[in-house]
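One structure below.
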Amino acid sequence: MSWLDVKLGVRMLAKHPALSLVGGIGMAVGVAVCVGTFVFLSTNAFPTLPLPEGDRIVALENRDVRRDNEERRSLHDFVLWRETLRSVRELAAFRTADRNLLPGDAPPLTPPAPVRVAEMTAAGFRVARVAPARGRYLLDADERPGAPPVVVLGHEAWLARFAGDPGVVGRVVRLDGVAHTVVGVMPPDFAFPLNHQYWTPLRVDPAKHRRREGPALFLFGRLAPGATMAGAQAELDAVGRRTAAAFPASNATLRPMVMPYTHSLIDIQGTTVWMLAQMQLMMSFLLVVVALNVAVLVYARTATRMGEIAVRAALGASRRRIVVQLFVEGLVLSLAASAVGLALAQAGARLGNRIMEEETGAPFWADYSLRPATVLFTVGVAVVAAVIVGVIPALQATGRQLQANLRQLGGSTGPRLGRTWTALIVAQVAIAVAALPAAVNAGWSEIRGALTRPTYAPEAYLVAELRAGDAAASDSARFGAAVTELLARVRAEAGVAGATYAEYHAERIGRVEIEGGAARADADADPGAAASTSAAGHRVDSHGVGPGYLALFGGRVLAGRDLAPGDEARASTAVIVNQAFVTRVLGGGPALGRRLRYLGDVDDDAAATARPRGAGRWYEIVGVAADLQANAVDPTVVPPAVLYAAAPEHALGATLTVRVRGGVDAADVAPRLRALAVDVDPTLRMGATHTLADFERQSRLAVRLVGLVLGLVLLSVFLLSAAGVYALTSLTVTRRRREIGIRAALGAAPRQVLPAVLALVAAQVGAGLAVGVVGAA
């Protein structure tokens, strides 16, 4: 390969701009998906932890083989493993807790800051092997009962919350009203064990909890010098067998596991390198399909150059030399497309990381900058694509027909299409036809969903999660009293027009069954499943609501009555449903007096096992309310909903909803809400506040991104398929131009010539349609 080959390759791209554009777009999308998958897997599945000897840090956990899920309530096992394991050193544990942070000398109504705290054993810092920038980190003595509460700050938190105060060590801050002394500040970019900036000692007493009870813990440590993960797993298996024999009631179904550190945190336990390689291969298959489509186009272009190739061969050019030249032409195209695909993959990865940061915080090891490994992988992908795009057509063009082409230069009928290309054109059409129904359905579903809008002004509503603190976790009356008092204070604020709350009940989720069956199956049921809809249930949105919920959103009761005082009692069976429930679940039939019961989420095996059908209470529909959402294009996508009255003391979590008055910026009210919550009860946890407009935008962003990627992929496949059919049709016509000319000279009309000329292409397209229809069905 020489520089001249590269220049000729660039010239061929410029000479055929349509082929270059179509092929480049398709390959760029394929490369973006392939490289994007590589970036995600390499960043999260097997990252290089930015810590000293980070590859030696491992995670440990129990897995319940009966439920096929992790069991993090492993306090007793943690103590045992810490004392007995020799292949894992400095075994540590942590859990994440939400706290309200206030400076120690702040007045009561200073707006507190919600912070996520890692309650961690001191061994966690020894595992990380990163020295503090100021003061010290946690010590084993800090975990002992009665030790003074202390906190370690991250560098970013020190700058943001304490203005980089050099005398911060020794200051007192309040976490949920409890005074903590700042004992240290960690260096920049340290956010171990996940994405934390505050650390307090983990104080748990195994004597206060039975096995498989207590807090959910993440366990981690360092492999001992010379130890391997396989050896650690063998040792842990032996300990697990002894524990299961000693405590069969709690540990018989538990299998202890050692895994790479990140796997436990991102919930991919048990995933092997081979499984990840299979995932990468599956996502890379799209690029192979695209490259084969481009190869069809390139072959059609190469077929027009058969004379040139034959002359070069006659002048002494070897087959290898010609193949290399055509490979370089494909490489120029694939490299240009790969550069665009790499840029798309990096942009998508950074956008996904930003979404993660907004929702839960990105892990400290996440590095989506352009890394050498990503560039090398992209170059490798480009070379593979160039082999498919350039070498395969080149071998076909320089095969046994080369000498025949040389003899036919004076009056050639042109190259003939082989069975390989016939198969490719059939596959192109089949893939396009098979994907069409799914693509149309996905696109239409996305459009319909995006057109669903609330019937109220979402920017005027603030929402925030409320949860009981540790001190009130076992005191539901305290939480209920705090929520009631907070509502009264919020409603008294000048800029607030109203406030209430909503909550979810563990027994009132998923699907409902209508007594005596229903008139029609819900939209999620399989076609033709109406007869079994009573068994399958209807998927609904179910909310427990506080007083004045409908009025707060401007809703109204269309029939029956609204929820009333007394309906929040545990013995009450009153519920109200929305108009979508009447239409989609009851088939437009009468609703008042009908009874329903919750089946749980029938898609969740654990939930179905815990709550078998028929075990739930029956609830009576006492009212029908107008929908709080509307869709002018397709009203059937408005979700059916069931509302029941909920008392705050019956749950340890609720969503506070506040409507601000006209002319008041909802963002200005948020700090006041947090200050009031802390003043009512310092342990009352208030999550981040959002307007409903913000929540709606965030909830749809990920779906729209998926829809955009799907649209680009399908667009590239259809574009390439159409271009491939066109190119081979043109080649067929070119190959038979002498025949067409003779028949036209003898008086044949176009309608007589075209069927004969295009019969082969029609047969190929017809075969592709047939295969595609079968695949779609």
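Modelled spin labels at Val172 and Val664, positioned 7 Å past Cα toward Cβ, are 3.5 nm from each other. Give the shape of region 109-192 as rounded, prolate or oblate, defined through the alpha-carbon gyration tensor: a ≥ b ≥ c are the square roots of its eigenvalues, a/c under 1.5 means rounded, and otherwise the shape is prolate if a/b is larger than b/c and oblate if not. Because a/c hits 1.5 or more and a/b fails to exceed b/c, region 109-192 counts as oblate. Relative protection proxy for 764-770, 479-485, from highest mean packing down: 479-485, 764-770 (other beta-carbon atoms within 10 angstrom).
Mind giving me the FRET efficiency for Thr573 and Ile268? R0 is 41 Å, r the Cβ-Cβ distance, nearest 0.05 is fine. The computed FRET efficiency comes out at 0.45. Applying the Karplus relation 6.51 cos²θ - 1.76 cosθ + 1.60 with θ = phi - 60° to region 740-747 yields 3J(HN,Hα) values of 5, x, 5, 5, 5, 5, 7, x Hz, where x marks Gly and Pro. Tyr456 to Ala777: FRET efficiency via 1/(1 + (r/R0)^6), r the Cβ-Cβ distance, R0 45 Å, to the nearest 0.05? Here the calculated transfer efficiency is 0.55. Under a point spin-label approximation (7 Å from Cα along Cα-to-Cβ), what is the Leu370-Leu558 distance to one decimal in nm? The two pseudo-label positions are separated by 5.6 nm.
Sequentially through region 249-264, phi angles give Karplus couplings (6.51, -1.76, 1.60; θ = phi - 60°) of 5, 9, 10, 4, 9, 9, 10, x, 9, 10, 8, x, 3, 6, 5, 5 Hz, Gly and Pro residues having no value and appearing as x.
Spin-label point model (7 Å from Cα, Cβ direction): what's the Arg86 to Arg136 distance in nm? Result: 3.2 nm between the two label points. Of all alpha-carbon pairs in region 37-89, indicate the percentage at a distance above 16 angstrom. In whole percent, the share of Cα-Cα pairs in region 37-89 beyond 16 Å is 62.
With the whole protein complex present, Lys7 retains an accessible surface near 90 Å², based on a 1.4 Å probe. In the context of the full set of protein chains, residues of region 178-220 present 40 Å² of accessible surface per residue (probe radius 1.4 Å, heavy atoms only). Annotation: amide H-H contacts under 5 Å for Val642 (H modelled 1.01 Å from N, sequence separation of 5 or more, or interchain): Asp541, Ser542, His543.
Karplus-derived 3J(HN,Hα) values for region 540-556, using 6.51 cos²θ - 1.76 cosθ + 1.60 with θ = phi - 60°, are 9, 8, 10, 9, x, 10, x, x, x, 5, 4, 4, 4, 9, x, x, 9 Hz; glycine and proline are entered as x.
The values are calculated or read from the model by the stated rules, or taken from the named source; none is laboratory data. Everything quoted here is computed from the prediction, not taken from an experiment. Note that we place each Cβ from the backbone using ideal geometry, even for glycine, and neighbour counts take in every protein chain shown. Surface accessibility is based on the protein's heavy atoms, side chains included, excluding ligands, DNA and RNA. Shrake-Rupley method; radii C 1.70, N 1.55, O 1.52, S 1.80 Å.
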